[in-house]
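Read the figures in this text as sums done on the coordinates, not as results from a lab. Treat the numbers as computed from the prediction; the structure is a model and nothing was measured. We place every Cβ from the backbone using ideal geometry, glycine too, and count neighbours over all the protein chains shown.
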Amino acid sequence: MSEHHKVDKSHEAAVTDRIMFGFLVYLMTDLLMFAVLFATYAVLRNNTLGGPGGAELFSPQLALTGTLLLLTSSFTCGIGMIGAREGRRNKVLAWFGITFLLGLAFLGLELYEFAEFIHEGHTMTTNAFLSSFFTLVGTHGLHIFSGLVWLGILMAYVVKRGLTSTMVRKLALMSLFWHFLDIVWIFIFTFVYLGAFV
Amino acid sequence: MSKHSEHGSTKSYVVGFILSLIFTLVPYYLVVNMTLAGTTLWVAILGIAVLQMAIQLLFFLHLGRGPKPLYNIVFFFATAGVIVITVGASLFIMNNLYRNMSPEESTRRLAQKENIAQIGGEETGACAQNKNSYIITIQDGMADPNLVEAERCDTLTFFNKDSETRVIRFGVYPAQESYGGEFEVVLDDARPETITLNQEGEFMFYDERDLGVSGSFNVE
């Protein structure tokens, strides 16, 4: 019985390793896509066709607020993951719930910024700078949106089925994705938003 | 072995979070307060961003901790290499392309060289006739005079009397601005090089290899 249990455990660990590696491959290809978008933005950021550039358009306070929201959500996501490994369902729901709300606030802030720009006539088709800006930041926002949908579904499953080992693994992948998005955002914050004022 | 060693404890998340906050606020205030400027500021904020990434990889993602397969790390660094090549090479190629093929710059350069006063009814800024000549002599690592007051269509000659080759760039170091479509004036040993002052304004120049050589010229 105990022998059988041991084999089962190592089999599960091997499966987890494989899944983790597969997910890492996905994250790295995603990172490559962001790298290309960053390069595009770096090349086109001064091509404003005589219109206002980043220094006139961006609000550093807004960018900082977004960064702090996302950073905090990455932290609460980590704490939620500790809860998942301890098997504490309520801790998981509470901390991932906070993560969800912070992510939602971040996305709201980003959409507000986009809406302001478009309202003032600075759209994706205005110039190359704005095309690359909307593509880069918008792609990140789309990832955040997908992450929120994913997190919402996982939380619904936790409520319905409890914290099974498969569930913990899925939450671990989700939190990996969330930390990844946080790291990508650090570079958007630094290079796109702060960089506009250098 | 504690089960936290691989996945991180609450403490590691709290420490990582506090460090991340510091490394977010520091570049923000550096930029907002204009404590530094130009390349120094760029290096500072991008350096802090890389540190921030390292912090998150260590404290949030626990990179390199626990018995994880080696190929994870190898794959991670391989991707980092591909990214450096993709981003670095794109910037390098596009920058070269801009400097050598930008229509604005090459039109202006061509118009000056071939003395084309108008293209399609628009003034190119090229001077048909040159007026006064000014000479800046560079000797013993000094430019003399280091300020020239000129009028449009005067000429300015750089005369290098030192034995080393000088590369005169426009703007304030490390900027690489263009003047009249030229990004740099290369001065070989004891050879003068003349530019036509066809662009109005106040300009600075410096020797890219010897920053002691610098000065300015105003064109009215």
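Numbers for the structure displayed
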read-out: Distance (nanometres) between label positions extended 7 Å along Cα→Cβ at A:H11 and B:L211; value: 6.7 nm
read-out: Vicinal HN-Hα couplings computed from phi for segment A:183-194 (Karplus, 6.51 cos²θ - 1.76 cosθ + 1.60; Hz; Gly/Pro x); value: 5, 4, 5, 3, 6, 5, 4, 6, 7, 7, 7, 5
read-out: Residue-averaged beta-carbon neighbours from other chains (10 angstrom radius) around A:63-72; value: 3
read-out: Least to most buried among A:Y157, B:Y71 (fewest other Cβ within 10 Å first); value: B:Y71, A:Y157
read-out: Contact order relative to length of segment A:47-198, as percent, for alpha carbon pairs under 8 angstrom and 6 or more apart; value: 38 percent
read-out: Fraction of alpha-carbon pairs over 21 Å apart in segment A:95-198 - percent; value: 43 percent
read-out: Residues A:M81, B:M94 arranged by fewest to most Cβ contacts within 10 Å; value: B:M94, A:M81
read-out: Stretch gain in nm, segment B:N33-B:M94, where the contour uses 0.36 nm per residue and the Cα spacing is subtracted; value: 18.8 nm
read-out: Nitroxide proxy distance, nm - points 7 Å out along Cα→Cβ at A:Q61 and B:Y173; value: 3.9 nm
read-out: For chain A, calculated [θ]222 nm from helices alone, where every DSSP H run of n ≥ 4 adds -39500 (n - 2.57); value: -29000 deg cm²/dmol
read-out: Square roots of 5 times each gyration tensor eigenvalue, C-alpha, segment B:2-101, largest first, Å; value: 32, 23, 6
read-out: Stokes-Einstein D for segment B:127-219, Kirkwood Rh over Cα pairs, 25 °C, 0.890 mPa s (µm²/s); value: 189 µm²/s
read-out: Angle between chain B longest axis and helix B:70-101 axis [Cα atoms, degrees, rounded to 10]; value: 10 degrees
read-out: Taking all pairs of distinct alpha-carbon atoms in chain B, Kirkwood radius in angstrom; value: 22.0 Å
read-out: Antiparallel bridges, percent of DSSP beta bridges restricted to segment B:127-219 (to nearest 5); value: 70 percent
read-out: Sequence of B:R166, B:R152 once ranked by neighbouring C-beta atoms within 10 Å, starting from the fewest; value: B:R152, B:R166
read-out: Inter-centroid distance (Cα atoms) of segment B:13-73 relative to segment B:149-170, Å; value: 44 Å
read-out: Modelled FRET efficiency - R0 25 Å, B:V26 with B:A78, Cβ distances, 0.05 increments; value: 0.20
read-out: Cα-based equivalent ellipsoid, chain A: semi-axes from gyration tensor eigenvalues, Å; value: 39, 18, 12
read-out: Average beta carbon contacts from partner chains per residue of A:186-196, 10 Å cutoff; value: 6
read-out: R0 of 25 Å, Cβ-Cβ distance B:R152-B:M101: FRET efficiency to nearest 0.05; value: 0.40
read-out: The protein assembly as shown - share of DSSP beta bridges that are antiparallel (%, nearest 5); value: 70 percent
read-out: Rg ratio (alpha-carbon, reference 2.2 N^0.38 Å) - the protein assembly as shown; value: 1.29
read-out: Chain lengthening between A:K91 and A:N46 when straightened (0.36 nm per residue, less Cα-Cα); value: 11.5 nm
